[in-house]
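A quick write-up on the structure given underneath.
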Amino acid sequence: MLSLMRALATAAALLLVTAIQDRGIAPGAPVEQPAARTAPVVPALPALPAAGPPSVADYAISAALDVNAKEVRGRERIAWRNPSGDAVPDLWFHLYLNAFKSPGTTFNRESGGQLRGVSNASLRAGRIDVTSMRLEDGTDLRPRLTFERPDDGNPDDETVARVLLPRPVGPGETVTIDVEFTSVLPQVYARTGYAGDFFLIGQWFPKVAVYEPAGTRGRSAGGWNAHQFHALSEFYADFGHYRVDITVPQRFVVGATGRRVSERINTDATRTFTYDQAGVHDFAWTADPRFVEVRERFSGTADVSAAEYAAAATLLGRRPEDLTLSDVEITLLMQPENRPQIARHIAAAKAAIKHFGLWYGPYPYGTLTIVDPPLAGEGAGGMEYPTFITGGTASALNGPPFDRVLIPEITVIHEFGHQYWYGLVASNEFEEAWLDEGINSYSTGKLLDVVYPPTESFATLFGLTFSETEFARFDNTRAMNADRVRQPSWTFLEDRVYAYSVYYKPELVLGTLERMIGEQTMARVMRAYAERWRFRHPNSDDFYAVASEVSGRDLTTFFKQTIEDTGVLDYELAEIASAGTGASRTSTVLVRRLGEIQVPVEIEIRFEGGAVERRTWDGRDRWTRLTFTRPEAVESARIDPDHTLRLDVSWINNARRAEPDRRVAVKWTSRWWFWMQNLLSLVGA
Amino acid sequence: MTRRALAAALGAMRQLSLAWLLWLLNAAFAAAIVPAAWAWWSRAADSPETDPLLERFRFGVFLELARADDWSGLAAIATTALAVLAAGVAVGVFASGGALQRLLYPAEDRAMAGFFRGGGRFWWRFLRLTIMTGVAASIAAVGASLPLLLVLPPDRALAGGGLVGAAAELLPAALVIAFFCAALDCARVRVAAGDERGMIRAWFGGLWCAVRHLLAVGALGVMVLGIWLILAWAYLSAARGLAGAATSAILLTVVAQQLFMFLRSALRVAWLAGLVSVVRSDVPPRVSTSIPPTAPSRMYDTARAVSDAEEEGLPVV
């Protein structure tokens, strides 16, 4: 409780300081340029990395962090290769820090100035100023830069920009441009920004949007796919090779996307780190002098047993030697107060690298950086960038009784899962967020059930257990099915419906599918999808096609019902009746389909004396009545006795007894009475 | 003083009629949530899906039940519980008055009549004392926690956080609240024993009494807490042993629960009796208007109270 009070006091103090520091940018007001001051020197650009597949946009960036002004001064050279057969006349960019520029931005209008419960009221705004943009030959492109609002036409939104080129970029040609920019960081509440000396710097440089050639994600003609920064969406970008110089004061510990290839000390008490990574579509970094830096190595030989390779090979129908995993350098940047959780974070990361690697293909990058944001920077927590993820924990979870609440493990596993579902299989999170969040939630749940006892895969607290599946089913109600799973992220009814539709419902859909087609077939579906669409941009139809092809069943109807419609899955064991005695006894069981989704179901009937019989119903009609002629009366009946239908909105109405059994009611009513007596004794004394 | 207080407390544990009365009042009042709870849990009777709840609490099954009626049943139960708790403060004040009447003046009325007469007589005065204590204890608890709040850097927990850290952080506030609760009961005893009318004076008198007899009050508190912990351990052991789906096990658990609550009521009586013994040394007994008993009382303290008063030169009528 005191920790909470301290946190509230700290938050209040931060808000006060922020209110004083806040520049108070009003909607529509011209954006101030940063006041002249002694700025950190931005070192010369590193050489543009050699392009290699998959590379559409390669970046050489040099960035210097001004820790006092909370700004990043940068310059970048972008080489964009036209991946299509079209002549492309323009370039589109993401300037996503402008989402925090004024209250009128699309992000702020949609979010009401908060994300995941963290508010930006009184926090410093952020923005990105493009100060120069030139072609390689020196042609000034800055005057040709215009802001675009493809999603909502909001004139206050400057998160997407377009520059008309002097001449189109031909098919397969590469255009190189040089950009200078200043990123004014917001106080962190929505993924990016600063909190004191903690910096989490994401969406911080002008980045080229995705040009989708004809045929990509169902497009009939090529074109740019660039969306404004929305409250309920994450990102979509193209693959490239990044080489980034980061200059910070010497006392800062730094972590970033990719491998650190060099480090030098400068004459002005700063250090410059160079990071390099190919085959990624974003670059994020962090700096904080308080970080405890832990390095650990995942070994494809020592951390994975021969038996585990063999089991995975059997599951996937491959040879064990085809599944060999590479080594990964893990860097954990931990807040000092969370030191007791270092082993938990490392174990979770290793489990994720191992199992996701075995299931979905080897993790192709040599590094993984995990960042533990401080409490004041919790808005940066639980986020994924290529080879770089942020965790989410608190010191209260350091020891008993909360050390079996698996929030840190779940966060690390989930965010690492995004290295596959977002990182490698680069779906469009603006338009079909379920393809990364939903598939990743399913993957996270599966992994948790492997690593922990399934009943304890979310938390064990004071002897009570809570599983990940139970957590996922929490919002599985008719009311929460207000939107389709597959629809643009900014068109959902509300945050909670978005979270259910994009994270949990797909997890339940895929969990149901796995139990319908079998674990082995499902594993092969996921493997085929992950391999076929690695370093590419699939859409939902591509997933459906792989699932149907690998399973050998047309699953389109199943996906249309569950992903592209708002119907629910709900069966009810409505009635058990019996007539006659002895050999002429006839028992009937009435089963009803209350929901719109039609899937085959199994019904288990238990008779007096212990006999059990199972029947299958195709679920197409609204009801069916099963009839049994045998001397024993039906004792109970149960639809879906193995809990195959994870998506069923109620498991309670799936079963019925012939005669009610009130033991549960007696047991728990008396217990609640007892607890009430204790509470009364406490307040009454 | 300490030995006498402990002896008085232990002796009072034999006052079964008062303990029964307190238990009955508490049980009857708490039973207000039973109809709603029974209706809610009875929905489990038809579905074998709820069978895991017979063995132990399963959060997932509980959530399935809650979602099945869109949480409305639970909301009704929670509302009822909150209302019962709010009224429970007033009822607790009444029970304290009744218990003190029985302990201080056992010979004046029949047991039941004395209890209700005391409850009514002191209710308004005790309620004011309770409110004053609630306000003061809240302020003092925050004050006791402030040094820790200021000393510790933000984002850091004591002893690496967790249970130990949380307990250490809560300890100052818990001790302060315990002290104020003891002082409240001291003040109540003073009011009941001396028929005081000025509640501010009585409240400060209670505080002073708790400070002046810190050792005796503390020893009494430790003894009561110790016995309570033993009872709680015994109950939890019994409940664990009785865990199971059999009807007999379920019913025996209910018996164990109520036995625990009855013994807890007896502990409350013991605590108050111990405090009566402590406060007696400070406050002259109220002049009784009733006819003295013709036979020696079975109650432990009447004769002692008279002799104590005589020793201290106080008037005894």
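The values are calculated or read from the model by the stated rules, or taken from the named source; none is laboratory data. Being a predicted model, the structure only gives us computed values, none of them experimental. All Cβ positions, glycine included, derive from the backbone under ideal geometry; neighbour counts span all protein chains shown. When the accessible area is computed, the model is the full protein with side chains, heavy atoms only, and any ligands, DNA or RNA have been set aside. Shrake-Rupley method; radii C 1.70, N 1.55, O 1.52, S 1.80 Å.
What does the net charge come to around A:D152 if you take all other residues with beta carbon closer than 12 Å to its beta carbon, with K and R at +1 and D and E at -1?
Combined, the nearby Lys, Arg, Asp and Glu give -3.
Let a ≥ b ≥ c be the square roots of the eigenvalues of the Cα gyration tensor of region A:427-582; is it rounded (a/c under 1.5), or, if not, prolate (a/b larger than b/c) or oblate?
Working: a/c = 1.42, a/b = 1.33, b/c = 1.07.
Because its axes are fairly even, with a/c under 1.5, region A:427-582 counts as rounded.
With everything on Cα atoms, drop me the angle between helix A:439-451 and the longest principal axis of chain A, reported from 0 to 90° to the nearest 10.
70 degrees
What FRET efficiency comes out for A:E575 versus B:A31 if R0 is 30 angstrom and r is the Cβ-Cβ distance? Round to the nearest 0.05.
Details: r = 34 Å, r/R0 = 1.15.
Efficiency for this residue pair is about 0.30.
If Rh is defined by the Kirkwood formula over all Cα pairs and Rg also comes from Cα, what ratio Rg/Rh do you get for the protein assembly as shown? Intermediate results must be reported in sequence, preceding the final value.
Values: Rg = 35.0 Å, Rh = 33.1 Å.
Rg divided by Rh gives 1.06.
Using protein heavy atoms only (no ligands, DNA or RNA), what is the total accessible area buried between B and A, 1.4 Å probe, nearest 100 Å²?
Values: alone 17980 and 27970 Å², together 39540 Å².
What B and A bury together is about 6400 Å².
Report the local net charge at B:F260: Lys and Arg +1, Asp and Glu -1, summed over other residues whose C-beta lies under 14 Å from its C-beta.
Numbers: positive: A:R671, B:R240, B:R264, B:R268; negative: none.
Once all neighbours under 14 Å are counted, the net charge is +4.
What percentages make up the Cα-Cα pair-distance distribution of region A:65-231 when the bins are 10 Å wide from 0?
That works out to 10, 35, 33, 18, 4, in percent per bin.
So if each residue of separation counts as 0.36 nm, and I subtract the Cα-Cα distance between B:L251 and B:A78, what length gain in nm does that give?
Between B:L251 and B:A78, full extension yields an extra 59.8 nm.
Using only Cα atoms and rounding to the nearest 10 degrees, what angle (0 to 90) does helix A:663-684 make with the longest principal axis of chain A?
With both axes taken from Cα atoms, the answer is about 50 degrees.
Go through the cysteines of the protein assembly as shown and tell me which have no other cysteine Cβ under 4.7 Å away.
B:C181
Average partner chain C-beta neighbours within 10 Å, per residue of A:387-397? Please list the in-between numbers first.
Values: counts 0, 0, 0, 0, 0, 0, 0, 3, 8, 6, 3.
Whole-number average of other-chain Cβ neighbours for A:387-397 is 2.
May I ask for the distance between the Cα centers of region A:328-366 and region A:658-678, given as a whole number of Å?
Here the answer is 45 Å between Cα centres.
For region A:533-685, just say rounded, prolate or oblate: build the C-alpha gyration tensor, square-root its eigenvalues into a ≥ b ≥ c, call rounded for a/c under 1.5, and beyond that prolate if a/b exceeds b/c, oblate if not.
Values: a/c = 3.09, a/b = 1.26, b/c = 2.46.
Oblate shape, in that a/c is at least 1.5 and b/c is the bigger or equal ratio.
Largest first, how would A:E608, A:E337 line up by accessible area (1.4 Å probe)? Don't skip to the answer; put the middle values down first.
Working: A:E608 95, A:E337 25 Å².
Reading off the accessible areas and sorting them downward yields A:E608, A:E337.
Please give the calculated 222 nm ellipticity per residue for chain A, where each DSSP H segment of at least 4 residues contributes -39500 (n - 2.57) and the sum is spread over every residue; nearest 500 deg cm²/dmol? Walk me through the numbers before you get to the answer.
Numbers: 13 runs with 159 residues, N = 685.
Helix-only estimate at 222 nm: -7000 deg cm²/dmol.
Working from Cα positions, state the angle (0 to 90°, nearest 10) between the long axis of helix A:2-21 and the longest principal axis of chain A.
Rounded to the nearest ten degrees, it is 30.
What percent do you get for the relative contact order of region A:65-231 when only Cα pairs under 8 Å and 6+ apart count?
On the way: 387 pairs, mean separation 59.8, N = 167.
The value is 36 percent.
Return the distance in nm (one decimal) between the two label points of a simple spin-label model at B:I230 and B:W20, each offset 7 Å from Cα along Cα→Cβ.
2.4 nm
Say R0 is 51 Å: what FRET efficiency, to the nearest 0.05, do A:R615 and A:R319 get from their beta-carbon distance? Before the final figure, lay out the partial values.
Values: r = 41 Å, r/R0 = 0.80.
The value I calculate is 0.80.
Can you give me the Cα centroid spacing of region B:202-236 and region B:116-148 in angstrom?
Cα centres, region B:202-236 to region B:116-148: 16 Å.
Given the peptides A:426-435, A:122-131, arrange them by the average over their residues of other C-beta atoms within 10 Å, most packed first. Numbers along the way, then the final one.
Working: A:426-435: 25.0, A:122-131: 20.9.
Averaged packing, sorted descending, gives the order A:426-435, A:122-131.
Which value, in Å² rounded to 10, gives the accessible area of A:T393 with a 1.4 Å probe and all protein chains present?
30 Å²
Ignoring ligands, DNA and RNA, please state the percent of accessible area on chain A from carbon and sulfur, probe 1.4 Å.
Details: 13150 of 24700 Å².
Within chain A, the accessible surface is 53 percent carbon and sulfur.
Over the heavy atoms of B:W124, what accessible area does a 1.4 Å probe trace out, to the nearest 10 Å²?
Rounded to the nearest 10, the figure is 140 Å².
How charged is the neighbourhood of A:K207? Take every other residue with its Cβ under 10 Å from the Cβ of A:K207, and add Lys/Arg as +1 and Asp/Glu as -1.
On the way: positive: none; negative: A:E76, A:D238, A:D282.
Summing Lys/Arg as +1 and Asp/Glu as -1 gives -3.
Could you work out, residue by residue across A:366-377, how many beta carbons of other chains sit within 10 Å of that residue's beta carbon, and then give the average as an integer?
Details: counts 0, 0, 0, 0, 0, 0, 0, 0, 2, 3, 2, 1.
Counting Cβ atoms of other protein chains within 10 Å of each residue's Cβ and averaging gives 1.
Average partner chain C-beta neighbours within 10 Å, per residue of A:645-656?
That average works out to 4.
How far apart, in nm, are the 7 Å Cα→Cβ label points at A:T629 and A:E602?
2.7 nm
May I ask you to derive the relative contact order of region B:162-264, considering only C-alpha pairs under 8 Å and at least 6 residues apart, and to give it as an integer percent? Display every interim value, and only then the final one.
Values: 52 pairs, mean separation 18.6, N = 103.
The normalised contact order for region B:162-264 reaches 18 percent.
Below 8 Å, C-alpha to C-alpha, sequence gap of six or more: please give me the relative contact order for chain A in percent. Write out the running numbers ahead of the final one.
Working: 1503 pairs, mean separation 64.2, N = 685.
It rounds to 9 percent for chain A.
Looking at the square roots a ≥ b ≥ c of the eigenvalues of the Cα gyration tensor of region A:525-565, which shape do they give, rounded for a/c under 1.5, prolate if a/b is larger than b/c, or oblate? Mind showing how you got there, number by number?
On the way: a/c = 3.03, a/b = 1.45, b/c = 2.09.
Because a/c hits 1.5 or more and a/b fails to exceed b/c, region A:525-565 counts as oblate.
Could you state the number of Å between the C-alpha centres of region A:474-547 and region A:217-243?
Region A:217-243 and region A:474-547 have Cα centres separated by 20 Å.
Which FRET efficiency value, to the nearest 0.05, is calculated for B:E55 and A:R339 with the Förster distance at 51 angstrom and r the Cβ-Cβ distance?
Values: r = 38 Å, r/R0 = 0.75.
Efficiency, rounded to the nearest 0.05: 0.85.
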